[in-house]
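Shown next, in structure tokens, is the structure this report addresses.
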Amino acid sequence: MIEPIFELVAVERLRIHEETDPVHVAELARAIAEAGVVQEPIWVARGSAVILNGHHRYAALLQLGAERVPAWVLEYDAPEVRLDRWSPGPPITKAEVVARARAGHLFSIQTTRHTIAADLPARPTPLTQLGVRPRRAEARPPGT
């Protein structure tokens, strides 16, 4: 397997293949904004730029105005990158994941489950490195 590479990937390059839960995305965006850091990079397929793991983090970063997303870029065809389902159903192929992402025909939330036969190191990334501008505190009336 070609070693995963850490990159700050431009948001416009990335392609999703699963829907997200807007409530979870909003909660995650608040938590990331409060922490000021993304603790875990998303996983992205080399070449196609399809998000394999981290759709909700990606959507949360979009809400925060990020220009880049921290990502482990993986060789998707490598046998060490495995694709399963979160729940019972017919098998899904890697080619189908890429095709759906390209066509915008998304799977339901948490349909695909990607795993990798390697431990990826911690890589916390400050929001300032992602192009997220600090939010101004709300103006308060004098004396409050």
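Model label points for S108 and A31, set 7 angstrom from Cα along the Cα-to-Cβ axis, are 2.3 nm apart.
Within the set [x] 11, 39, 33, 11, 4, 2, 0; [y] 10, 23, 22, 19, 16, 8, 1; [z] 12, 48, 35, 5, 0, the number that P(r) over Cα pairs in 10 Å bins from 0, in percent takes when calculated for this structure is listed as [x]. Only Lys, Arg, Asp and Glu carry charge here, each on its Cβ (+1 for the first two, -1 for the last two); on that basis region 6-78 has a dipole of about 160 debye about its Cα centre.
Read-outs throughout are calculated quantities, based only on the coordinates presented, and are distinct from any laboratory measurement. None of the values given here were measured: they were computed from a predicted structure. For neighbour counting, all protein chains shown are included, and Cβ atoms are generated from backbone atoms with ideal geometry for every residue, glycine included.
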